[in-house]
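See structure below.
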Amino acid sequence: MKILSGIQPTGSIHIGNYLGAIKQWVELQEKNECIFFIADLHSLTIPYKPEELAKNIIEAAIAHLAAGIDPQKSIFFVQSDIKEHTELCWLLNTVCPVGELQRMTQYKEKTKQFKKNINAGLLVYPVLQAADILLYKAEGVPVGKDQVQHIELARTIARKFNQRFGKVFPEPKALLPKIGAKIMALDNPKQKMSKSLGPQSYISLFEDSKEIKKKIMSAVTDTGKVIKYNPNRKPGISNLLTIYSLFSEKPIKELEKKFKDKGYAYFKKSLTQLLIDSLEPFRKKRKELLSREVFVKETLKVGAKRAQPIAESTIHETRAKMGLA
Ligand code: AQP
């Protein structure tokens, strides 16, 4: 299967990004043709500091390499290095109904969150995402639950284009992990763990032991003592059980039995230790890569060189179908 996914260079990668998306990427690259990229163009749609962007892109690349993206197995590059992403986005804008864009949950949330910066990029964000996917004719897109609506729209755009101009694009499918597709915020388990909710909501993939302990021990849980998975009635403890299960590779049922009468504090201490141990290799690898910036930049350049001919070929085909060639 041809796989593609991207992530924005908008801050620290957290365990929600990892469990919902990146962990799947690392597994998928073993047996599939994979393309992963840093979505820097998407990140321009929310307030940012231009003087910090280049550094953030390199940091995001380092984070992905540390998390297990292997540039020998996958094509890994920076979105804005391939101009065809923006060209295809424009071409697809002409087949995408504006009503579909206005009803996107992320658009509604971001326009509420950034009232002083409701730019057109926020609205056409999913069209650029569709362009990213369709440019490489990807069939599977490993993402967290929050992105499913956008992948559905990419399918609609592909279908509309193919119907009007003749078949160019396969209709991509979202690939969700069985569990972990929506990790919730530690300080508010009714909301998605998210960079923009602030550092108390998440644990970074490279968080140090002291912070992990502080955040897990103060994670919001319901009143009661029983360690039981019930996302509706016990969202906090269910979220922590999910995180525990994914990092320990033990089924939730087994964890419920193990911690049944032990109480929340005991369970949280055990989870803290599990996270400290599980994240240690990521911290180590990141530290090593931080001192090899030239290698990281070179890796991204090589990735762009591999992506370029695929992108050019699709643009050529698309332009011809639309009567532009
Ligand atoms: N809480 C989550 N649980 C599972 N998966 C998640 N993803 C994000 N949050 C969770 C998945 O991570 C990938 C990267 O998405 P992105 O680059 O759009 O990251 P993001 O949305 O910027 O991450 P945040 O933390 O949610 O940032 P803000 O607050 O800025 O919106 C995607 O596949 C996403 O599904």
- In segment 87-124, which residue that is within 13 Å of the ligand (Cβ to nearest atom) and touching a residue at least 60 places away in the same chain (Cβ under 8 Å) is nearest to GLY6 (Cα to Cα)? LEU122
- Give the residue that is farthest from GLU59 (Cα to Cα), with candidates limited to residues of segment 193-208 that are surrounded by fewer than 20 Cβ atoms within 10 Å (Cβ to Cβ) and near the ligand (Cβ under 9 Å from one of its atoms). LEU197
- Does at least one position in segment 209-219 carry a residue that is surrounded by fewer than 16 Cβ atoms within 10 Å (Cβ to Cβ) and part of a loop (DSSP other than H, G, I, E, B)? yes
- Task: Mind listing just one residue for me: the one in segment 169-184 that is touching a strand residue (DSSP E or B) at 6+ places or on another chain (Cβ under 7 Å) and within 16 Å of LEU246 (Cα to Cα) and, of those, nearest to the ligand (Cβ to nearest atom)?
- Result: LYS182
- Considering only segment 1-40, state which residues are over 29 Å from LEU241 (Cβ atoms) and polar (S, T, N, Q). ASN32
- Task: Could you check, for segment 172-187, whether at least one of its residues is open to solvent by 70 Å² or more (accessible area, probe 1.4 Å), within 23 Å of GLU27 (Cβ to Cβ) and part of a strand (DSSP E or B)?
- Result: yes
- Note on the structure: Per the list (1) touching a Gly at 6+ places or on another chain (Cβ under 7 Å); (2) free of Cβ contacts under 8 Å to residues at least 24 places away in the same chain, residue check on PRO281 breaks on (1)
- Failed item, numbered, when ILE243 is tested on (1) open to solvent by 10 Å² or more (accessible area, probe 1.4 Å); (2) part of a helix (DSSP H, G or I): (1)
- For the subset of segment 1-46 comprising residues that are over 27 Å from GLU249 (Cβ atoms), small (Gly, Ala, Ser) and open to solvent by less than 10 Å² (accessible area, probe 1.4 Å), which member is farthest from the ligand (Cβ to nearest atom)? SER43
- Task: Might you check whether a residue that is among the aromatic types (Phe, Trp, Tyr), in contact with a strand residue (DSSP E or B) (Cβ under 7 Å, 6 or more places away or on another chain) and either open to solvent by 40 Å² or more (accessible area, probe 1.4 Å) or closer than 26 Å to GLU171 by Cα (or both) occurs anywhere in segment 69-76?
- Result: yes
- Out of all the residues in segment 158-168, is one or more within 16 Å of the ligand (Cβ to nearest atom), open to solvent by 20 Å² or more (accessible area, probe 1.4 Å), in the same structural domain as GLU27 (by TED's automatic domain parsing) and over 13 Å from CYS96 (Cβ atoms)? no
- Counting only residues that are more than 15 Å from the ligand (Cβ to nearest atom) and either outside the structural domain of ASN93 (by TED's automatic domain parsing) or open to solvent by 40 Å² or more (accessible area, probe 1.4 Å) (or both), which one in segment 125-149 is nearest to GLU27 (Cα to Cα)? GLU139
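The values are calculated or read from the model by the stated rules, or taken from the named source; none is laboratory data. This structure is a prediction, so every number in the text was calculated from the model and none was measured. Reconstructed Cβ throughout: ideal geometry from the backbone, glycine too, with neighbour counts over all protein chains shown. Just so you know, the surface numbers come from the protein's heavy atoms only, side chains and all, with ligands and any DNA or RNA stripped out. Shrake-Rupley method; radii C 1.70, N 1.55, O 1.52, S 1.80 Å.
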